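Novice: Below is the structure I would like to discuss, written out as C-alpha cells.
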Amino acid sequence: MLRLNLPNTLTLLRILAVPVLVVALLGEIDDGDVIAAVVFALAAATDGLDGYIARRRNQITNFGKLMDPLADKLLVVAALISLVELDRLAAWIAMVIIAREIAVTGLRTLAAEQGVVVAASWLGKVKTTLQIAAIFALIAYDPSPVWVDLLVYAAVAMTLISGADYFLALRKTLADSAAGRTPRTE
C-alpha cells in the first residue's frame, strides 16, 4: 500500500507537472514559456527537497526509492524532447543526456539485483544541477544567448564525465564484491 507522506506527495506532484510542462511548451498558449519555466523550476526544486525531508523525518519508502529517480528522469526527458521539438536544442544533445540516464538506470538496476549499491557521486549532483540550469535557461530564453549555449555544453560534458565515473565506480564495486571486499556504498 502506498504511504502518501510529504516526500511521496512531492514526488507525485513532480510527475504530474510533466504533462503541464509539455502543454505549456508545445501548446501554443499565451505566456507558455513563462508557465513552463515556473512549472519546471518548481518541479526541479522538489527533486532535492523530497529526499531531504524523507531522510530527516525517517519517511523513506520503497515507493520513494523507485519513483523519485523516475520522476526526475521523466521531467528532464519531457523537457528535452519538447525543446528539440521547438528547435531550441539539438537532438544529439538530448540523445546524449537521455542515453546516459537510461544506461545508468539500467546498470543501477542490474547492480541492485546483485545486492550492490553505487550511490550518486558529487559528479552526478553537479551533472543534475547543470542539466536543470541548462533546461531552465533554454525554456526561459528564446532565442538562447551565448551563455545559455555554453551552459548546455557544460551540462553535456558533465553528463559524459559523470556517466564514465559511474561506470568505473560500478566496475570497481562489482570487482570488490566478487573478491569479498566491502563494496563502495556511498
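Novice: If you take just the helices (runs of 4 or more DSSP H) that sit entirely in the range 1-111, which of them hold at least 3 residues that are among the charged types (D, E, K, R), in contact with a Ser or Thr (Cβ under 9 Å, 6 or more places away or on another chain) and in contact (Cβ under 8 Å) with a residue 24 or more places away in the chain? I'd like the intermediate steps shown before the answer.
Specialist: Values: elements: 6-26, 32-56, 62-85.
Answer list for the range 1-111: 62-85.
Novice: Consider only pairs whose beta carbons are under 8 Å apart and that are at least six residues apart or on different chains; among these, list those whose first residue lies in the range 116-141 and is at negative phi and whose second residue is surrounded by fewer than 16 Cβ atoms within 10 Å (Cβ to Cβ) and β-branched (Val, Ile, Thr).
Specialist: 117/185; 118/185; 119/185; 123/161; 127/161
Novice: Next question, about the same structure. What tally of residues in the range 63-75 results from selecting those that are more than 12 Å from residue 7 (Cα to Cα) and open to solvent by 90 Å² or more (accessible area, probe 1.4 Å)?
Specialist: 1
Novice: Hey, could you check the range 112-142 for residues that are among the aliphatic types (A, V, I, L, M) and not in a helix (DSSP H, G or I) and say which is surrounded by the most Cβ atoms within 10 Å (Cβ to Cβ)?
Specialist: As a first pass, look at the range 112-142 and keep what is among the aliphatic types (A, V, I, L, M): 112, 116-120, 123, 126, 130, 132-135, 137-140.
Checking which are not in a helix (DSSP H, G or I) leaves us with 116-120.
On the way: 116: 18, 117: 14, 118: 25, 119: 10, 120: 15.
Among them, the one singled out is 118.
Novice: Just to be sure before I move on: is residue 87 under 24 Å from residue 148 (Cα atoms), modelled with pLDDT of 85 or more, open to solvent by 80 Å² or more (accessible area, probe 1.4 Å) and not aliphatic (A, V, I, L, M) in the structure I sent? Even if it seems obvious, please write down each step before you answer.
Specialist: Numbers: under 24 Å from residue 148 (Cα atoms): yes; modelled with pLDDT of 85 or more: yes; open to solvent by 80 Å² or more (accessible area, probe 1.4 Å): yes; not aliphatic (A, V, I, L, M): yes.
Spelling it out, residue 87 is indeed under 24 Å from residue 148 (Cα atoms), modelled with pLDDT of 85 or more, open to solvent by 80 Å² or more (accessible area, probe 1.4 Å) and not aliphatic (A, V, I, L, M).
Novice: What number of residues in the range 33-52 are surrounded by fewer than 16 Cβ atoms within 10 Å (Cβ to Cβ) and modelled with pLDDT under 95?
Specialist: 4
Novice: Which of the residues belonging to the range 149-181 are open to solvent by less than 20 Å² (accessible area, probe 1.4 Å) and β-branched (Val, Ile, Thr)?
Specialist: Within the range 149-181, the subset open to solvent by less than 20 Å² (accessible area, probe 1.4 Å) is 152, 155-156, 159, 162-163, 166, 169-170, 173, 176.
Within the range 149-181, 152, 156, 159, 173 meet the criteria.
Residues checked against (1) among the β-branched types (Val, Ile, Thr); (2) under 18 Å from the mean Cα position of the chain (by Cα); (3) over 18 Å from residue 137 (Cα atoms):
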residue: 21; (1), (2), (3): no, yes, no
residue: 31; (1), (2), (3): no, no, no
residue: 41; (1), (2), (3): no, yes, no
residue: 45; (1), (2), (3): no, yes, no
residue: 62; (1), (2), (3): no, no, yes
residue: 76; (1), (2), (3): yes, yes, no
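The values are calculated or read from the model by the stated rules, or taken from the named source; none is laboratory data. Nothing here was measured: the structure is a model prediction, and the numbers come from that model. Glycine also receives a Cβ, built like all others from the backbone with ideal geometry; neighbour counts cover every protein chain displayed. Note: accessible area is taken over every heavy atom of the protein model, side chains too, but ligands, DNA and RNA are not part of it. Shrake-Rupley method; radii C 1.70, N 1.55, O 1.52, S 1.80 Å.
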